[in-house]
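Undergrad: This structure is in structure tokens; I'll ask about it shortly.
Bear in mind these aren't lab numbers, they're just calculated from the coordinates by the rules spelled out. Keep in mind the model is a prediction, meaning the values are calculated, not measured. Cβ sites come from the backbone with ideal geometry, for glycine too, and all protein chains shown count toward neighbours.
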Amino acid sequence: TLRITGVWSHAGPILVLGDGRLVFDSARAVIAGNIVVWGEHAALVARHSTLVFPQEYFYQRSLIAAGGCSVLFEQTTLDYGGLPHTLSVIDSAAVEYRIVTNRGFTTCGLSGRARLRVDSCNETGEFILQDSVTIDFRNAHTVLLWPVIEADAALDAAFPDGALVDRYTLNRNTAGTSGIRFDVNLEQCGDVLWGLMPKPGSDIRIRNSSMRAIGLWFTAPDSVAVSGLVNNLAHTQFTAPLSDRSLVLENTFVQ
């Protein structure tokens with residue numbers, strides 16, 4: 001275990017491996033590099049701290065949690081200079097935010113059986129959800145969700161108004177779904193934006209919703225002709241002209 005308190009700086013990447021444990025306790029750390037936490041028992045903990053990651057351009061810095069590791073930020077500020085940055089949570093890694101101030105927009109990819117729990121965050125970010133991942137968000141604000149709908153999976157849904165989501169769950173037990181493995185739980189979340197990433201072979205119907213964006217996911221070299229799609233358009237009844245997947249929008253606005 002390495003425990004850091006007070007003012008501290010490091011130039012370059014930080015690797016927390018195996019059963020290593022890195023703890024920031026009431027620290028102000030300036031880290032000019034990425035952090036990788038990788039191992040069945042590896043851990044990164046920051047409490048009552050400020051972690052500053054200087055960036056000269058978008059997505060210069062990343063935090064990667066892999067293996068069975070754990071990451072906890074509690075009453076901590078993550079300062080990326082107001083710029084977008086990357087968070088990757090893969091394998092069976094678990095990341096948790098408890099009262100976190102985020103200065104910069106997080107783009108997060110989750111896969112495998114990864115878990116992400118957020119309880120109170122001002123600017124949470126966007127999250128690409130694959131495989132059997134689980135997210136539990138409470139009092140999270142500015143959240144863009146990108147569920148990836150796999151081949152042979154189906155989704156028939158009406159997403160709630162994102163201004164304030166009192167309680168919402170999307171998983172294999174949700175009516176209108178099949179083949180869905182991820183688990184999404186939202187409670188008292190504000191400014192929630194809905195995205196969608198359909199793979200070939202998926203079957204999707206979105207009703208009475210407001211979507212931020214829809215991005216088609218391709219798994220092999222392909223070519224598709226699309227016409228007539230315009231930003232900020234309300235679709236009364238629209239079937240996407242796609243031969244490899246079904247995408248239907250009913251009374252749905254796409255920004």
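Undergrad: Treating the beta-carbon of each Lys and Arg as +1 and of each Asp and Glu as -1, no other charges, what is the dipole magnitude of the range 155-255 about its Cα centre, to the nearest 20 debye? Display every interim value, and only then the final one.
TA: Details: 8 positive and 10 negative charges, 33 e Å.
Dipole about the Cα centre, nearest 20: 160 debye.
Undergrad: Please state the charge dipole magnitude for the chain, taken about the Cα centre, from unit charges on C-beta atoms (+1 on K and R, -1 on D and E), reported in debye and rounded to the nearest 20. Write out the running numbers ahead of the final one.
TA: Details: 19 positive and 25 negative charges, 71 e Å.
In debye, rounded to 20, the chain gives about 340.
Undergrad: Would you calculate the separation in nanometres between label points at residue 169 and residue 136, each defined as 7 Å from the Cα along the Cα-to-beta-carbon direction?
TA: In this crude label model, residue 169 to residue 136 measures out at 1.2 nm.
Undergrad: Roughly what % of Cα-Cα distances in the range 9-64 sit above 18 Å, to the whole percent? Show your work: numbers first, answer last.
TA: Values: 514 of 1540 pairs.
Percentage above 18 Å: 33.
Undergrad: Based solely on C-alpha atoms, express the radius of gyration and the Dmax of the range 117-205 in angstrom.
TA: So, for the range 117-205, Rg and Dmax equal 12.5, 37 Å respectively.
Undergrad: Kirkwood Rh over alpha-carbon pairs of the chain, then Stokes-Einstein at 10 °C and 1.306 mPa s: what D in µm² s⁻¹, rounded to an integer?
TA: Details: Rh = 19.2 Å.
Rounded, D is 83 µm²/s.
Undergrad: Would you mind getting me the FRET efficiency between residue 161 and residue 41? Use the beta-carbon distance for r and R0 = 51 Å, nearest 0.05.
TA: Details: r = 42 Å, r/R0 = 0.82.
It comes out at approximately 0.75.
Undergrad: Oh, and also: Once you keep just the Cα pairs under 8 angstrom separated by 6 or more residues, what percentage relative contact order results for the chain?
TA: On the way: 789 pairs, mean separation 26.7, N = 255.
That works out to 10 percent.
Undergrad: What are the extents of the Cα atoms of the range 141-255 along their three principal axes, listed from largest to smallest and rounded to whole Å?
TA: For the range 141-255, the Cα spread along each principal axis is 41, 30, 22 Å.
Undergrad: Quick check on the chain: of the DSSP beta bridges with both residues there, what percent are antiparallel, nearest 5%?
TA: Looking only at bridges with both residues in the chain, the antiparallel portion is about 15 percent.
Undergrad: As I understand it, the dipole of the range 1-116 uses +1 on the Cβ of Lys and Arg and -1 on the Cβ of Asp and Glu, about the Cα centre. Which of 14, 71, 82 lies farthest toward its positive end?
TA: Checking the options against the dipole of the range 1-116, the answer is 82.
Undergrad: Related question: Sequence gap at least 6, Cα distance under 8 Å: using those rules, report the relative contact order of the range 36-84 to the nearest whole percent.
TA: The normalised contact order for the range 36-84 reaches 54 percent.
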